[in-house]
Structure formats: structure tokens, C-alpha cells
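A short worksheet on the structure shown next.
The values are calculated or read from the model by the stated rules, or taken from the named source; none is laboratory data. Treat the numbers as computed from the prediction; the structure is a model and nothing was measured. Glycine also receives a Cβ, built like all others from the backbone with ideal geometry; neighbour counts cover every protein chain displayed. For accessibility, only protein heavy atoms count, side chains too; no ligands or nucleic acids. Shrake-Rupley method; radii C 1.70, N 1.55, O 1.52, S 1.80 Å.
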Amino acid sequence: MAKEVWDAYDREGNLLGFDLIRGEPVPDGIYHLVAEVLPVTCDGRVLLTRRHPDKSWGGCWEYTGGSVLKGETPLQGALRELREETGITVSSQNLHPVYMGTWKGAEGLCSSIYHCFVTFFDPSGQTIRLQKGETTAYELLPYEAFKRFLLEDRFVDVLRRRFLDYQEAFDRIIAEHFN
């Protein structure tokens, strides 16, 4: 299996000109990009997936996300992760930025700059396909039910915390789309 390669960034998001390899030690103060996407159907349901049991937070629920690969922009990474993990394809114009924030990794863990988006899609025009080894099930929950569900222990904790930190922005983008 090929190693996953990332671009290295400083805390401000400036490209540093060298590569990081998933699973290898990362120098302190070096960051990589992560893209997350909250997929929402045209009738207001959020697409959630359950993590494969062999992954960290195995069996927990989440919305789509993952590391941005070398040479990708956060937008390109978000589109790729959405397609790989769910089979859903949207155009970059359908990605609505919610936030960009940094997370300082503990010793030995890579620090990350998160770029999060909301997208709206028509589920009748696409087939949801789960990525083998990544996801094992999916649910479509109305947005208000999703906000209650993510408070449960069955939801990935760090994703929950980021969502709650930016919930007003998520709420605003979704309300604007449906009004």
C-alpha cells in the first residue's frame, strides 16, 4: 500500500516546501491540512457514516473528512474525501466554507489546520457508496436530529467539539440555504 503524503505547513498555513508521511514523526510546530464536509440533502438531512471498527474511534459516527494530500487544496481534498467515503460528487461551487481552525497535536501527533465545509446534494441523483476499510454504515438524519445525535457517545468526540465550537456558522449556512 502506498504511503499517504502530505504537504507541510506552518501554523499560519504557509507551505513549507517539504513532505510529511502519515504515521511518521512530525516536527513540533509543523502542520498538515484536514478537510471536513457536512453533507446535507436538498431536503435538509445530514449524511453520517459509521467508522470502520479497525480505525481510531471505530464504530463511532461522523461526517466526512480526512487529510488533504500533497498538492491538493482544502477544496480538492474535501471533494475527494466526500467522493471516496460516500460516493457523493458535488462541484467546488457547492462547498460552503464554515471555518478554518488549528489543532495542536499532542507529542508525536501531527498538528492540523482544519478546513470545514457544508455541501448540499440531491440523494435521488446519486448513490451513496461506503468506502471499504473506512466506513461501514450510513444514516440520513434531519438537521435538528443530527444536532441531538452528535451529543451522544456514539459520535466522534473531537468532531463533536469542533461542530459545537462553530455551530452558529453551521446553523447560519443551513438556514440561508433553506430560506
Antiparallel DSSP bridges in segment 1-143: what percent, to the nearest 5? 70 percent
What whole-number volume per residue, in cubic angstrom, does the convex hull of the C-alpha atoms of segment 57-108 give? 129 Å³
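Can you give the helix-only mean residue ellipticity at 222 nm for the chain, where every DSSP H stretch with n ≥ 4 adds -39500 (n - 2.57) and the sum goes over all residues, rounded to the nearest 500 deg cm²/dmol?
About -7000 deg cm²/dmol.
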Using the alpha-carbon atoms, what tilt in degrees (0 to 90, nearest 10) does helix 167-178 show relative to the longest principal axis of the chain? 50 degrees
Give, as a single signed number, the net charge of other residues whose beta carbon lies under 14 Å from the beta carbon of residue 49, with Lys and Arg counted +1 and Asp and Glu -1. +1
What net charge is computed for the residues neighbouring residue 153, neighbours being all others with C-beta under 14 Å from the C-beta of residue 153, Lys and Arg scored +1, Asp and Glu -1? +3
Of the accessible area of segment 47-143, computed with a 1.4 Å probe and all protein chains kept, carbon and sulfur make up a percent value of 51 percent
With the crude spin-label approximation of a point 7 Å out along Cα→Cβ, what separation in nm comes out for residue 161 versus residue 99? 1.2 nm
Taking just the alpha carbons, could you work out the radius of gyration and Dmax for segment 1-45, both in angstroms? 15.1, 45
Going by accessible area, probe 1.4 Å, with all protein chains left in place, what is the ranking of 7, 19, 54, largest first? 54, 19, 7
Counting pairs of alpha carbon atoms under 8 Å apart in space and at least six apart in sequence, what relative contact order in percent does segment 47-179 give? 28 percent
So how do 129, 83 rank on accessible area, 1.4 Å probe, biggest first, that is with the largest at the start? 129, 83
With all protein chains modelled, accessible area of residue 10 [1.4 Å, Å²]: 40 Å²
5 angstrom amide H check on residue 98, placed H, neighbours 5+ away: 116, 117, 118
Take the Cα pairs of the chain, get the Kirkwood Rh, then feed it into Stokes-Einstein at 20 °C and 1.002 mPa s and tell me D in µm²/s. 128 µm²/s
Rank 9, 163, 39 by how far each Cα sits towards the positive end of the charge dipole of the chain (+1 on Lys, Arg Cβ; -1 on Asp, Glu Cβ) and give me just the farthest. 39
Can you give me the convex hull volume of the Cα atoms of segment 69-160, divided per residue and expressed in Å³? 143 Å³
Kirkwood hydrodynamic radius over Cα pairs of segment 18-82, then Stokes diffusion coefficient at 10 °C and 1.306 mPa s, in µm²/s: 116 µm²/s
